[in-house]
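The values are calculated or read from the model by the stated rules, or taken from the named source; none is laboratory data. Only a predicted model underlies this, so the values are computations on that prediction, with no experimental measurement involved. Neighbour counts are summed over all protein chains in view; Cβ atoms, including those assigned to glycine, are modelled from backbone coordinates with ideal geometry.
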Amino acid sequence: MAWGVYKNGNSVTRINLMTGTKIRETKADEFDLDFPESCDINLTQKCPAGCPFCYAECTPDGKHGDIMNAKFIDTLHPFTEAALQVNDLSHPDLLPFLEKLKKRKVFANITVNQIHFEQKEKLIRELVDKELIKGVGISLRKPTKKFIKMVQKYPNSVIHTIVGILTQKDIEKLRDNNLKLLILGYKDKGRGVDYKAEHLIEYTINRDYLYDNLEKLPEMFKVVSFDNLALDQLDVKRILTPEEWDEFYLGDEGTSSMFIDLVTGKFGVSSLCKENEMFPVMDDIRDMFAVVKREVKKGK
């Protein structure tokens, strides 16, 4: 089994090149990294899906980012995980950009809406077969039998869901199909603000069901994971032992990850950052990550 091993700040990281399993170790009391191990990168605001709770406020006429001229890409460390928001996969430079990442041994994962996953599966299969992407995140719309069968053809696919949007019926349809589930926190940002206000009862019912049945999910799915916001909104720590939490928790936002928006040309700690918490993209990822770590310390 092949592993990539590298030193990053005061730690040593090992990543399984087949499964993506990551083990990070340090002799210090806490991790202090020199560069991010994962980057959430937005490539485009163009998306015709029209999700009413979209925090990024994507539209059919949204702009594409200038992704090929981003100099920091050439400074990404091999084995960095790049989570790419590609929306409808219509960015004209998507393929050369993915080829560029592959040459640098950067692990690219794309996130697409279920609508576009179903419409453009042929292209996604091509990207997987050419090893231009390692994984596919699919934002759930409606869990049909056809959709579930399509997902099962991709071992490295993960269904993305949102606290307050995922329903009991959705869970019942998805369960027991050997699927991987990523639960994202609900972002009170963009269109998400008005949607939550207008559907507060529905949102609360869905959130509370998920909260009350959290311990049952591992029995229903192959893998269940959470982003930091969902960990907080669902208080996931309450159902884990201290030992389990220390083993599975990858750290606070900005300690090993960061957000980069190539449409606006700015970066920050996470996609939850307000406009005044974002900074112009620099030429070197280490310089950008130093700013992110500074902002994290300021917030403590």
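A few remarks follow.
- Test for PHE31: is it on the phi < 0 side of the Ramachandran plot, among the aromatic types (Phe, Trp, Tyr) and either touching a helix residue (DSSP H, G or I) at 6+ places or on another chain (Cβ under 7 Å) or in a loop (DSSP other than H, G, I, E, B) (or both): yes
- Considering the conditions (1) within 22 Å of the chain's Cα centre (by Cα); (2) at positive phi, ASP176 is excluded by exactly one of them, (1).
- Checking the stated criteria, GLU99 turns out not to satisfy the condition of being in contact with a Gly (Cβ under 7 Å, 6 or more places away or on another chain), within 22 Å of ILE138 (Cα to Cα), surrounded by fewer than 17 Cβ atoms within 10 Å (Cβ to Cβ) and not small (Gly, Ala, Ser).
- Candidates VAL269, VAL281, VAL263 - the one that is touching an Asp or Glu at 6+ places or on another chain (Cβ under 7 Å), at negative phi, of a type outside the set (Phe, Trp, Tyr) and at pLDDT 95 or above: VAL269
- First in region 62-73 and in contact (Cβ under 8 Å) with a residue 12 or more places away in the chain and over 16 Å from VAL86 (Cα atoms), second anywhere and surrounded by fewer than 13 Cβ atoms within 10 Å (Cβ to Cβ) and charged (D, E, K, R), Cβ under 7 Å, 6 or more apart: LYS71/ASP283; PHE72/ASP283
- The set of residues in region 230-256 being surrounded by 14 or more Cβ atoms within 10 Å (Cβ to Cβ) and at pLDDT 95 or above consists of ALA230, LEU231, GLN233, LEU234, VAL236.
- Selection from region 137-179 of residues that are more than 22 Å from ILE110 (Cβ to Cβ) and polar (S, T, N, Q): THR167, GLN168
- Selection count, region 4-40, where residues are exposed (fewer than 14 other Cβ atoms within 10 Å of the Cβ) and more than 21 Å from the chain's Cα centre (by Cα): 8
- Residue under evaluation ASP88, criteria (1) in contact with a Cys (Cβ under 6 Å, 6 or more places away or on another chain); (2) crowded, with 20+ Cβ neighbours inside 10 Å, criterion not met: (2)
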